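What follows is a short report on a single structure.
The values are calculated or read from the model by the stated rules, or taken from the named source; none is laboratory data. Every value quoted in this text rests on a predicted model; they were computed, and no experiment measured them. So basically every Cβ, Gly included, is an ideal-geometry build from the backbone, and we count neighbours across all protein chains shown.
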Amino acid sequence: MRMPLLTLALFTAAPAFAQVTTLYDPAIPHSPQDGVVKLYGAGGPHTAFQKVADVWMEKTGQKIEIIAGPESKWSPMAQADADILWGTSEQSMTAFLETYKTFASDQVEPIYIRPTVIAVKHGNPKGITGFDDLLAPGMKIVVTEGAGVYNTSGTGTWEDVAGRLGKLEDVTAFRKNIVSYAKGSGASFRAFISEDADAWITWPNWPATHDELDQIDLSPERTVWRDVNVALSPMADPQAAEFLAFLVTDEAQALMATEGWQR
């Protein structure tokens with residue numbers, strides 16, 4: 001069967017209408033050497049990083065700044081003076097590299113890893129013990145998603161967890177209970193509260209740093225792991241590399257482990 005000419009023309013022309021949004025501003029020069037080591041990235045690892053930075057500053061007297069949150073809030077600053085970028089997953093860092101042109105993929109180093117967990121209300125009033133409990137009708141679940149427009153480590157994690165055993169019915173039942181697809185972990189936490197949700201598929205650092213949440217571990221066969229990684233600017237302050245070396249020492253690992261980060 002021959003394709004109608006109009007339909008063929010639309011398929012052929014489609015790439016011309018594709019739009020790529022980026023925060024990259026070529027007018028911003030990258031000049032990070034200012035005597036202050038600055039790390040930029042999404043929220044999550046920043047609280048553990050700050051614990052390590054506080055020890056480092058006390059040891060050395062050198063200044064470290066941890067700048068975290070939605071990328072749109074710090075992107076112009078990072079393009080100008082980031083010594084170090086961190087990605088909360090490999091796919092997140094890959095997206096960052098589209099914007100921060102001074103950094104390259106071969107400069108990226110995974111440094112810690114953590115598992116997906118279930119966050120529940122403090123005291124676990126629904127008595128949730130694992131993934132199967134989330135499939136019960138009426139359960140209210142929050143998931144984190146980038147929705148194609150937001151760079152977040154949570155993108156796809158709920159689907160990976162739900163589909164780990166290759167059972168389509170698990171994904172279907174889980175999806176029926178989702179009450180919020182929130183863009184970013186901060187938005188997910190707010191949705192968890194506002195929606196009076198029962199569970200949230202997230203990372204250990206959130207229950208570790210919020211009294212409103214308790215952590216329920218997923219079984220090994222359901223658990224998805226994603227890393228946190230760093231990239232060092234080739235123009236960084238010299239002490240930036242020293243801080244990265246300290247960030248993976250035994251002393252730093254003990255601090256990172258308080259929020260679920262492992263090596």
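Across the range 177-204, the number of residues qualifying as farther than 18 Å from Gln91 by Cβ and touching a Gly at 6+ places or on another chain (Cβ under 7 Å) comes to 2.
Of everything in the range 168-194, what is over 18 Å from Asp133 (Cβ atoms) and either in contact with a strand residue (DSSP E or B) (Cβ under 7 Å, 6 or more places away or on another chain) or β-branched (Val, Ile, Thr) (or both)? Give them in sequence order. Reasoning before the result, please.
Taking the range 168-194 first, the residues over 18 Å from Asp133 (Cβ atoms) are 168, 180-191, 193-194.
If the condition is that a residue be over 18 Å from Asp133 (Cβ atoms) and either in contact with a strand residue (DSSP E or B) (Cβ under 7 Å, 6 or more places away or on another chain) or β-branched (Val, Ile, Thr) (or both), then Ser180, Tyr181, Ala182, Gly184, Ser185, Ser188, Ala191, Ile193 are the ones that fit.
Matching residues to (1) hydrophobic (A, V, I, L, M, F, W, C); (2) within 19 Å of Gln215 (Cβ to Cβ):
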| residue | (1), (2) |
| --- | --- |
| Ile128 | yes, yes |
| Ala136 | yes, no |
| Tyr150 | no, no |
| Asp160 | no, yes |
| Leu168 | yes, no |
| Lys176 | no, no |
| Ala182 | yes, yes |
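Being crowded, with 17+ Cβ neighbours inside 10 Å and not small (Gly, Ala, Ser) holds for only one residue in Thr152, Thr209, Thr223, Thr172, and it is Thr152.
Filtering the range 208-220 to residues that are assigned to a helix (DSSP H, G or I) and of a type in the set (A, V, I, L, M, F, W, C) leaves only Ala208. Each residue in the range 102-115 was checked for being touching a Phe, Trp or Tyr at 6+ places or on another chain (Cβ under 8 Å), in a loop (DSSP other than H, G, I, E, B) and surrounded by fewer than 21 Cβ atoms within 10 Å (Cβ to Cβ), and 0 pass. Between Glu58, Glu109, the distinction of being in the same structural domain as Glu251 (by TED's automatic domain parsing) and within 19 Å of the chain's Cα centre (by Cα) belongs to Glu109 only. The residues listed here are Thr99, Thr94; of these, the one that is over 22 Å from Ala257 (Cα atoms), touching a Leu at 6+ places or on another chain (Cβ under 6 Å) and among the β-branched types (Val, Ile, Thr) is Thr99. Condition check: within 21 Å of Gly130 (Cα to Cα) and surrounded by fewer than 16 Cβ atoms within 10 Å (Cβ to Cβ). Does Leu165 satisfy that? Taking the combined requirement at face value, the residue satisfies it. Taking the numbered list (1) crowded, with 23+ Cβ neighbours inside 10 Å; (2) assigned by TED's automatic domain parsing to the domain that holds Arg164 in turn, Ala240 passes all entries but (2).
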